[in-house]
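Asker: Before anything else, here's the structure in question.
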Amino acid sequence: GDSVTQMEGPVTLSEEAFLTINCTYTATGYPSLFWYVQYPGEGLQLLLKATKADDKGSNKGFEATYRKETTSFHLEKGSVQVSDSAVYFCALSDSGGGADGLTFGKGTHLIIQP
Amino acid sequence: EPEVTQTPSHQVTQMGQEVILRCVPISNHLYFYWYRQILGQKVEFLVSFYNNEISEKSEIFDDQFSVERPDGSNFTLKIRSTKLEDSAMYFCASSRPGYEKLFFGSGTQLSVL
């Protein structure tokens, strides 16, 4: 079945540091890939997505590139801020917008220190 | 931006009791979902619901679980006889047909004692 593996947390960085959160996946077919973010006390919010190989999703300074050859979708940001502290979830969808839902990774807790 | 609303935010119950978790999806959405996250583990898909019936369900969603859209606005998850291992954060989500973006509620933390 489908699965998503992401790096264990917590990840602690200083403000303005470079961020990488690794994510790899296994899936049948050609899934769409997502990063969701959960700020303290809130629900999961879509951060960015990519629907086909070599697509780059980007939002709020975060980027991730769909790499089919390495089955990866690593999240990067060039300069993190304290407000980026949250839990980040990598996810995939095989359903192309249908009812099958998402398969999530375990989540990576990111802590940014001033 | 419209929101998915879940109530209560915390629910404590005794083992063997029935619980109902409530969700109000975004009004023009037609797909509804429940997910759960046991502490320290992955967010797991439970069930999806479309056109007043279950579309997909996972192995977790056994006979102890049921979902309902009782009045056209609420979407509920019922656990008939709770077990200790049902303790988790339960997330409701909704989406529009053909769109992969799910909108999530802030979750209900269920504690079974």
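Asker: Considering only the range B:45-60, state which residues are closer than 15 Å to residue B:73 by Cα and facing another protein chain (nearest Cβ under 9 Å).
Answerer: B:49, B:50
Asker: Moving to a separate point now. At least 1 residues that are hydrophobic (A, V, I, L, M, F, W, C), away from chain B (no Cβ under 14 Å) and surrounded by 15 or more Cβ atoms within 10 Å (Cβ to Cβ) in each: list the strands (runs of 3 or more DSSP E) lying fully within the range A:1-79 that qualify.
Answerer: Details: elements: A:3-6, A:11-14, A:19-21, A:23-26, A:32-38, A:44-50, A:56-59, A:62-65, A:75-77.
In the range A:1-79, the matching strands (runs of 3 or more DSSP E) lie at A:11-14, A:19-21, A:62-65, A:75-77.
Asker: Same structure again: Would you confirm whether any residue within the range B:13-23 is of a type in the set (A, V, I, L, M), open to solvent by 70 Å² or more (accessible area, probe 1.4 Å), closer than 29 Å to residue A:10 by Cα and touching a residue at least 40 places away in the same chain (Cβ under 8 Å)?
Answerer: no
Asker: Exactly one condition in (1) small (Gly, Ala, Ser); (2) open to solvent by 30 Å² or more (accessible area, probe 1.4 Å); (3) within 12 Å of chain A (Cβ to nearest Cβ) is false for residue B:105; which is it?
Answerer: Residue B:105 satisfies all of (1) small (Gly, Ala, Ser); (2) open to solvent by 30 Å² or more (accessible area, probe 1.4 Å); (3) within 12 Å of chain A (Cβ to nearest Cβ) except (2).
Asker: Got a number for residues in the range B:77-102 being away from chain A (no Cβ under 11 Å), open to solvent by 10 Å² or more (accessible area, probe 1.4 Å) and in a loop (DSSP other than H, G, I, E, B)?
Answerer: Residues meeting the conditions: 4.
Asker: Let me ask another. Only one of A:88, A:39 is closer than 30 Å to residue B:50 by Cβ and free of Cβ contacts under 8 Å to residues at least 60 places away in the same chain; which? Spell out how you get there, then give the answer.
Answerer: Working: A:88 fails: free of Cβ contacts under 8 Å to residues at least 60 places away in the same chain.
Within the list A:88, A:39, the selection yields A:39.
Asker: Residue A:48 is checked against (1) free of Cβ contacts under 8 Å to residues at least 40 places away in the same chain; (2) among the hydrophobic types (A, V, I, L, M, F, W, C); (3) in contact with a helix residue (DSSP H, G or I) (Cβ under 8 Å, 6 or more places away or on another chain) and fails just one. What number does that condition carry?
Answerer: Result: residue A:48 fails condition (3) only.
Asker: Anything in the range B:33-51 that is β-branched (Val, Ile, Thr) and at pLDDT below 90? List them, or say none. Walk me through how you get there before you give the answer.
Answerer: Applying the first criterion (β-branched (Val, Ile, Thr)) to the range B:33-51 yields B:38, B:43, B:47.
Passing the criteria: only B:43.
Asker: Within the range B:1-15, count every residue that is touching a helix residue (DSSP H, G or I) at 6+ places or on another chain (Cβ under 8 Å) and either within 13 Å of residue A:41 (Cβ to Cβ) or acidic (Asp, Glu) (or both). Working first, answer last.
Answerer: Residues of the range B:1-15 that are touching a helix residue (DSSP H, G or I) at 6+ places or on another chain (Cβ under 8 Å), as a first pass: B:15.
Next, only the ones that are either within 13 Å of residue A:41 (Cβ to Cβ) or acidic (Asp, Glu) (or both) stay: none.
Number satisfying all stated conditions: 0.
Asker: Still on this structure: If you take the residues in the range B:1-38 that are within 11 Å of chain A (Cβ to nearest Cβ) and in a loop (DSSP other than H, G, I, E, B), which one is farthest from residue A:7 (Cα to Cα)?
Answerer: Here the answer is B:30.
The values are calculated or read from the model by the stated rules, or taken from the named source; none is laboratory data. Bear in mind that the values here come from a model prediction, so they are computed numbers and not experimental data. Ideal geometry is used to build each Cβ from the backbone, glycine not excepted, and the neighbour counts take in all protein chains shown. Remember, those area values only see protein heavy atoms, side chains included, never the ligands or the DNA or RNA. Shrake-Rupley method; radii C 1.70, N 1.55, O 1.52, S 1.80 Å.
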